[in-house]
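Encoded as structure tokens, the structure appears first; notes follow it.
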Amino acid sequence: MFPNSILGRPPFTPNHQQHNNFFTLSPTLYSHQQLIDAQFNFQNADLSRALSLQQLTYGNVSPIQTSASPIFRGRKRLSDEKNLPLDGKRQRFHSPHQDPTIVNQIVPLSGEGRYSMPPLFHTPYVPEIVRCVPPFREISFLEPREITLPEAKDKLSQQILELFETCQQQISDLKKKELCRTQLQREIQLLFPQSRLFLVGSSLNGFGTRSSDGDLCLVVKEEPVNQKTEARHILLLVHKHFCTRLSGYIDRPQLIRAKVPIVKFRDKVSCVEFDLNVNNIVGIRNTFLLRTYAYLENRVRPLVLVIKKWANHHEINDASRGTLSSYSLVLMVLHYLQTLPEPILPSLQKIYPESFSSAIQLHLVHQTPCNIPPYLSKNESSLGDLLLGFLKYYATEFDWNSQMISVREAKAIPRPDGIEWRNKYICVEEPFDGTNTARAVHEKQKFDMIKDQFLKSFHRLKNKRDLNSILPLRTALLKR
């Protein structure tokens, strides 16, 4: 079980929980004055404590100095930008440190079993700032149920299954990310003592691969945060802390001024890339909604993984370049499985509204996946048939002009009239806040490219029934 508050350990004693408070903080937690106080904490933190992380035995490495840390105005760094001179790149903060002189080795991976839902393991953790962060209280936690992989009776289904078994995220991969999260939370609490750091996204929702980046959400208060001002200010302090105090373990921290600003960085020990945002609480909730869907039926995870690999190979899986995000792709797969004549998935939010309510406290949402029983579908379609049907559905059946994809409703629904949905080529409803997760697709050229790839891949796969016709397996397996 993870040590953070959403994974099995409520952060407060029962008398706190009765008041329905997550952090027992006032709505004005981080006012302008308190942000100034955080800067003071940053400048005056006890150096011995700040350096204590570098004294931990965390792989066979020595503290390493890092190079300048850039700030970008985009989601990802273009590959051709890496070779530009410094003055030709985007605006960046400069660090006095020298270039790295030691390259860390990847932590060896153990061979865990691949046929069960990854357990949420126990890692004892007691916050160092006890006066500000109430200690966790041990509770019992049911182990996730075992889930066997589907049987593959045809070549295409077998190819999908083999790709999934090779590329799916292992427990050891998850442990590396969780170790980094735990240690970073201790450091960030030097700046914001009552904050919490959550591991979210594909690392935890059941749809991760061996090469998946880690997504982190820093929660500083229960109320929404202004992403243009307050979130950027908070991330600026975190960025400075990473550059000055944690240069031995964090490589290339970049503050990216996107619509939802993030700090991108790499953990030098595990070599995992991370994205850290502030108060994107809906990301915590949808992580566990998707995790429940992932383990509800044994064909869901293999199908999602092969579709993500296919989309990535054809360059239609990058929101920063105007195509589909991985989150939108997952919702598209779930929607397809819900709309079959004999559905493979239901709408969890309709059947279990109390379990997926936005009113549930964040430290309790982790319990949902283990409380939902398996869904028994009468649909016996093979993985190969489902992949072909997915491509056909979006290539020839779905009405992009008037319909919106809704996992919450388990059907395609008419587009809303709101400004967010006007002049959008693809509309995918976020299950909790109702926003458009595919808003990045705002150019007709990119939309046409996505539709064209669905249609071409459908015809190729229909004719050859070989996964290599739409996704070269050797390349996909190398990337993992």
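The H on the amide N of residue 435, modeled in the peptide plane, is under 5 Å from the matching H of 430, each at least 5 residues off or on a different chain. Compute the signed sum of charges (Lys and Arg +1, Asp and Glu -1) over the other residues within less than 11 Å, Cβ to Cβ, of residue 200. Surrounding charge for residue 200 is +2. Between the C-alpha center of the stretch 192-213 and that of the stretch 227-260 there is a gap of 17 Å. Among the GluC sites (Glu not before Pro) in the stretch 145-237, those placed in a DSSP loop whose Cβ has at most 16 other Cβ atoms within 10 Å are 151. For residue 321, the accessible area of its heavy atoms, probed at 1.4 Å with every protein chain present, is near 120 square angstrom.
Using the Cβ of residue 323 as centre and a radius below 11 Å, the other residues enclosed give a net charge of -1, where K and R count +1 and D and E count -1. Beta bridges from DSSP with both residues in the stretch 194-294: antiparallel share about 75 percent, rounded to the nearest 5. The overall shape of the stretch 277-346, judged from the alpha-carbon gyration tensor, is oblate: a/c is not under 1.5, and a/b is no greater than b/c. Local charge for residue 466 was computed over the other residues whose Cβ lies under 10 Å away, with Lys and Arg +1 and Asp and Glu -1, and equals +4.
Fully extending the segment from residue 474 to residue 340, taken as 0.36 nm per residue of separation minus the present Cα-Cα distance, adds 45.1 nm.
Across all directions, the average flat footprint of the convex hull enclosing the Cα atoms of the stretch 289-402 is 8.6 nm². For the stretch 352-480, the dipole from Cβ point charges (+1 on Lys and Arg, -1 on Asp and Glu) about the Cα centre works out to 740 debye, to the nearest 20. Rounded, prolate or oblate: pick one for the stretch 356-480, where a ≥ b ≥ c are the square roots of the eigenvalues of its C-alpha gyration tensor, a/c under 1.5 means rounded, and failing that, prolate if a/b is larger than b/c, else oblate. The shape class here is oblate.
Remark: the stretch 165-312 carries a charge dipole of roughly 200 debye about the Cα centre, counting +1 on each Lys and Arg Cβ and -1 on each Asp and Glu Cβ.
Would you work out if the stretch 189-301 is rounded, prolate or oblate? Take a ≥ b ≥ c from the square roots of the eigenvalues of the alpha-carbon gyration tensor; rounded if a/c is under 1.5, else prolate when a/b is larger than b/c, oblate otherwise. Here the stretch 189-301 falls in the oblate category. Look at where the Cα atoms of the stretch 264-324 and of the stretch 153-189 average out, and the two centres are 11 Å apart.
Across the stretch 436-443, rounded Karplus estimates of 3J(HN,Hα) from the backbone phi angles (6.51 cos²θ - 1.76 cosθ + 1.60, θ = phi - 60°) give 8, 6, 9, 5, 5, 7, 10, 10 Hz, Gly and Pro being marked x.
The values are calculated or read from the model by the stated rules, or taken from the named source; none is laboratory data. Remember, it's a predicted structure, so these values are computed and weren't measured experimentally. Ideal geometry is used to build each Cβ from the backbone, glycine not excepted, and the neighbour counts take in all protein chains shown. Side chains included, ligands, DNA and RNA excluded: accessible areas come from the protein's heavy atoms. Shrake-Rupley method; radii C 1.70, N 1.55, O 1.52, S 1.80 Å.
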